[in-house]
C-alpha cells in the first residue's frame, strides 16, 4: 500500500505546520516486534503513554515469550507490543496492524507468517540486523528484503543500528551499550511519524536513568535522533496525525489491568477503613499486583511474599481473622493450591479476596499468554458444597471497579470472593477516567463489640451473614474452624440435620447476593435475533463485533457479565428476548455450561483457546454463521 | 513471644477453661499439656481476649476448643501460615500455635521452616507422640525406623526427623523441649516461650496411650527418668543421673561423650550449657538413647528482630518519608491528561 491508505480510511487532510505533509487518520494499529532483550515492551508502553497524552482512545496487547531471554535472534525469543490508537472509541488492540516495526529477521518472520501486518501495511525493519547468521536463526533461506516476498507491503529498510551508533559516536559507551539504545531510535521515529509528543518519554528516561547519567543522555539523544531522522529523511514524505478521541470529560491516565486491580484494592481498603494484608507468591501474570502493592506501605498496606501459594492465602485468611482486608493474588496453578484454604474461608465465613489472573492452561501451560478457562475452577474447584461469589473484569480499567465490588461483597457477606482477570487485560492498557476518592462509595464495616447475647454464627436474617468479631474484643472470645458447626452457637456439630441446614444456608447466603446485582444492560439490539453473552476480557472484541454487526443492520445484542456467581437475577428474561444465544469464550465452553444448566437455554459456543484474544473478525464471522442459519 | 503486659483483673485458670467437653481419649498426654497451659496463661499478664490459639489438624489441634480465648482450628499443616497473617495484621495479639508431629513436620513442614526463619513472634507448641493418632495409627515423621503400624506392617523404612534439629536448621531463635508429664518443667518452658520475642518452638514429648503407648516410657518412667533425662540450664554444666554423678563432656573432636564424675573428672571438665551457642544446640538436638540421656529445657534462645516488627518499621518509615497515603494522589500518579 502507499502510506496514504494507512489507518481507518478517512480522507487525508494536509496540514502545513511542518515541512512535511501531515495527514489525519481515524486510527492506527502499530506493532513493535523484536528480540525479547530488545526492549519492545518498554517502547510499546512509552508509545502508549505518548498516544494517551495525545488524547487518543487506545488498547494494547503486550505479547511476549515466557523465557526471560530466549536465544538472541531466535523465533522463540520474539517479543511484541501492539497498540491501537484512535480518535474514535477503541475496544481492542486491533485484529492486525497497519504498521509493523521489526527489529530483526525473526520478528519479521513471526509476524509476517502470522499475518499480523495488513496487506499493504507499512513495514519498518532494521536493515543491518539482516545478516546471514540472523537470517539462518529466523529460518530464512534468502533475505526477505531482496527476494520480493515483501512486495505486498510498504517496506522501509532503515539503518536503525547505524543511526543509533552514529548518534552516540562520542558517548564513550561500549558497542553493546550503544546497541541497547536502538529501541529508542525506533520509538523516536514512530513518534515523529505519528506526531506523538516525546516529552513524556524524555521525562521517563530522566527518571529511569537518574543514577546513570551517561545512559540517560544516550537514550535521550537516540530518541531525539530517531525523531529528527523522520523529519529530515527523504524516505518519508508524510507524517500522520490521529486526533484526540471524543470521550467523557475528566482526568485520564493510562492503566493496565494489574495496576487497576492494585489501585482498586487500595481504594477499597481505604473506603472500608481497613488495613490491607496481601499474601502472595510470585506467579505470571499476577506478580505485578504484588510489586505494586508492596510500594504502598504508607497506605498501611502489608504485603507478604509467602513461601508458597498455600501460605499466601493462609496468611491472608489469618489477617482477615484479625480484622484486616485479606487478599491473595495469583494465577490458575496458584488457585489449585489455595483451594483447601478457600474452602476453610467458606466454612468459617470470613471475608477474603482471591484474584486469579488467568493464563494458558493446564499446568504450567502458557504462563505469558491469556485464557479464560478457570471459571469452572472458581465455581467448583473445591471439595464439597462450597459456594462463593465470582466476579470477572472486562477491561483493564474495569479491574478497578470490579475488584472494589469484590471487596465490598466479601466484607458485606463475610465470604471469600474470587475475582477473575486474565493475562490479556492484566498486561493490556487503556485510558482510564480517574475516579475521585470523594466519589467512591463507603464500604461499611462494623466489628461487633457488644458481648450481650453474642453467638458466633448468629446471622443477619436478610443476608444470612454472621458478624465479624476480631480477637482483642473483650467478652466475645470464641472459636472458629473447618469442622462443621452448629448454626448460631458455632459449636462443633455432627448432627445430620444441622449439616444440611448449614450447607443450604451457605448456599442461600451466596445466591442471595443477587439482591445487589444491578439490572442487566444489553448493548446493541435489546431483543431480536442473536444475543452474545460474554464475560471477562472478551468484552472488547465482542463490543467491536456487535457494533459492526448492528451498523450493518443486524439484530444483535451483547450482554457482558461481571457477576458470574450468582448470575444476575434478570438474566433468564434477557436470554428469552433473543432467538439465539452465542457465548464466546477463550475456553472450550464454561459459562455456556452454567447458562444451559441454569436456564435450559440452547446456547451455542464460540470458542478459541490459542493463548490470544479473539479478533473482532472472528466474532463477526461466528455470529454471521448463526444469522445465516436463522434465515 | 511476648506481649506488652497491661493492668488487668487477676485471671485464674477458670477464666481460660472453655465450656466445651474435652474429647481426647482418656489417658491421653494432651490432657496434661492442656492443664499446664491453663495453669500458665492467667499469670502472663495478658488479657484473655488478647490471646489467639491456632491449630492445624490432628489430635493436638483440637486444643483451641478447650481454651476460652480467641481460637481458630484451621487445616492440616497450615496453622503457621495462618498465624503469620494474623500476627502480622495484629502484632498486639499473643498468638499461639498448637500442632503435632504430623501436622508440623509432615504436611506442614514447609510452613514450619519458613515461620521459624522469619521469626514471627508466635509460640508454637508441637506435641510429639511419634504417631498419627486422629487417623488411627499410621507412622509419623518422628516414628523410629522399623516402627510397625497400620501403614507399615513390615516396619517403617523412613528415617525420622529430629524436630529440634529441623528447627535449628531453619535458624529458629527459640528452641526447647519438655514432656507432657513433667508439669513443672513444662510450665517453665511455656513461660520462657511466651517471654521470647520471635518464634518460640517447643517440642512437647507426649504419650499416645491408644496408638503408641509408652512412646517415651524409657524417658519418663520413674525408675529410669533421672538417668534418662538431661535437664538443661543456661550457664550450668551438663549433669544428670539420680545422684547427679554423670555428665557430658567433649570427647575427641566435637563428639560429646558421657562421663562419670569423680575419678579425676570434675564439673569443670563438662560442657556448660549456653543457650546462645548454635553448635551446642545442634548436637544436643541429636542427643538421645541409647548412648545419651534426652535433653529437656531451652536448647537455644537468641535475639533477632521479629518479622512483623521489621515489617511494621518499614510501614512507619514509609509514612515518615511519604506522609500518610493520599488516595487521590495515588490514583492520579504518572502521566495524566484532561479531557474537556
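Given the condition over 19 Å from residue A:330 (Cα atoms), touching a helix residue (DSSP H, G or I) at 6+ places or on another chain (Cβ under 7 Å), in contact (Cβ under 8 Å) with a residue 12 or more places away in the chain and facing chain B (nearest Cβ under 10 Å), answer yes or no: does some residue in the range A:265-272 qualify? Yes, the conditions are met somewhere in the range A:265-272. Exactly one of these conditions fails for residue A:93: (1) under 24 Å from residue A:537 (Cβ atoms); (2) in contact with a helix residue (DSSP H, G or I) (Cβ under 6 Å, 6 or more places away or on another chain). Give me its number. With (1) under 24 Å from residue A:537 (Cβ atoms); (2) in contact with a helix residue (DSSP H, G or I) (Cβ under 6 Å, 6 or more places away or on another chain) applied to residue A:93, the lone miss is (2). Under 6 Å between Cβ atoms, which residue pairs at least 6 apart in sequence (or on different chains) link something in the range B:316-333 that is outside the structural domain of residue B:91 (by TED's automatic domain parsing) with a partner that is in a helix (DSSP H, G or I) and loosely packed, with under 15 Cβ neighbours inside 10 Å? Matching pairs, first to second residue: B:327/A:437; B:328/A:437. Here is the figure for the range A:75-89: residues that are touching a helix residue (DSSP H, G or I) at 6+ places or on another chain (Cβ under 8 Å) and crowded, with 24+ Cβ neighbours inside 10 Å total 8. Restricting attention to the range A:312-343, the residues that are outside any helix (DSSP H, G or I) and within 8 Å of chain B (Cβ to nearest Cβ) total 4. So for the range A:429-439 (the condition being more than 14 Å from chain B (Cβ to nearest Cβ) and modelled with pLDDT under 95), does at least one residue qualify? No, the range A:429-439 has no match at all.
Among the residues of the range A:253-263, none qualifies, meaning not one is modelled with pLDDT of 95 or more, within 8 Å of chain B (Cβ to nearest Cβ) and either more than 27 Å from residue A:89 (Cα to Cα) or surrounded by fewer than 24 Cβ atoms within 10 Å (Cβ to Cβ) (or both). Evaluate the following for residue A:290: is it away from every other protein chain (no Cβ under 13 Å) and modelled with pLDDT of 95 or more? So residue A:290 fits the description; yes. Does residue B:21 qualify as being without any contact (Cβ under 8 Å) to a residue 24 or more places away in the chain and more than 9 Å from chain A (Cβ to nearest Cβ)? Criteria met by residue B:21.
Yes/no per residue for (1) over 12 Å from the mean Cα position of the chain (by Cα); (2) surrounded by fewer than 24 Cβ atoms within 10 Å (Cβ to Cβ):
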| site | (1), (2) |
| --- | --- |
| B:106 | yes, yes |
| B:129 | yes, no |
| B:134 | yes, yes |
| B:137 | yes, yes |
| B:142 | yes, no |
| B:158 | yes, yes |
| B:164 | no, no |
| B:194 | no, yes |
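Every condition in (1) in the same structural domain as residue A:51 (by TED's automatic domain parsing); (2) within 29 Å of the chain's Cα centre (by Cα); (3) surrounded by 16 or more Cβ atoms within 10 Å (Cβ to Cβ); (4) part of a helix (DSSP H, G or I) is met by residue A:195 except one, and the failing one is (4).
From the list A:304, A:236, which residue is part of a strand (DSSP E or B) and over 23 Å from the mean Cα position of the chain (by Cα)? Matching residue, one of A:304, A:236: A:304.
Would you pick out the residues in the range B:248-272 that are in contact with a helix residue (DSSP H, G or I) (Cβ under 8 Å, 6 or more places away or on another chain), more than 19 Å from residue B:177 (Cβ to Cβ) and at pLDDT 95 or above? Listed by number, the residues that qualify are B:249, B:259, B:261. The residue list B:322, B:315 contains one member that is within 14 Å of chain A (Cβ to nearest Cβ), farther than 27 Å from residue B:94 by Cβ, touching a helix residue (DSSP H, G or I) at 6+ places or on another chain (Cβ under 9 Å) and surrounded by 15 or more Cβ atoms within 10 Å (Cβ to Cβ), which is B:322. If you go through the range B:191-214 and pick out every residue that is more than 29 Å from residue B:50 (Cβ to Cβ) and assigned to a loop (DSSP other than H, G, I, E, B), you end up with 6. Of all residues in the range A:449-489, those satisfying the criterion of being within 19 Å of residue A:384 (Cβ to Cβ), outside any loop (DSSP other than H, G, I, E, B) and within 14 Å of chain B (Cβ to nearest Cβ) are A:480, A:481, A:485.
Residue B:334 satisfies every condition listed in (1) modelled with pLDDT under 95; (2) at positive phi; (3) away from every other protein chain (no Cβ under 14 Å) except (3). Here residue A:267 fulfils each of the conditions (1) in a helix (DSSP H, G or I); (2) within 29 Å of residue A:65 (Cβ to Cβ) apart from (2).
Yes/no matrix, rows are residues, columns are (1) on the phi < 0 side of the Ramachandran plot; (2) in the same structural domain as residue B:114 (by TED's automatic domain parsing); (3) surrounded by fewer than 18 Cβ atoms within 10 Å (Cβ to Cβ):
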{"site": "B:243", "(1), (2), (3)": "yes, no, yes"}
{"site": "B:256", "(1), (2), (3)": "yes, no, no"}
{"site": "B:264", "(1), (2), (3)": "no, no, yes"}
{"site": "B:279", "(1), (2), (3)": "yes, yes, yes"}
{"site": "B:294", "(1), (2), (3)": "yes, yes, no"}
{"site": "B:300", "(1), (2), (3)": "yes, yes, no"}
{"site": "B:304", "(1), (2), (3)": "yes, yes, yes"}
{"site": "B:308", "(1), (2), (3)": "yes, yes, no"}
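The values are calculated or read from the model by the stated rules, or taken from the named source; none is laboratory data. As the structure is a prediction and not an experimental result, all values here were calculated from the model. No Cβ is skipped: glycine too gets one built from the backbone with ideal geometry, and neighbour counts run over all protein chains shown.
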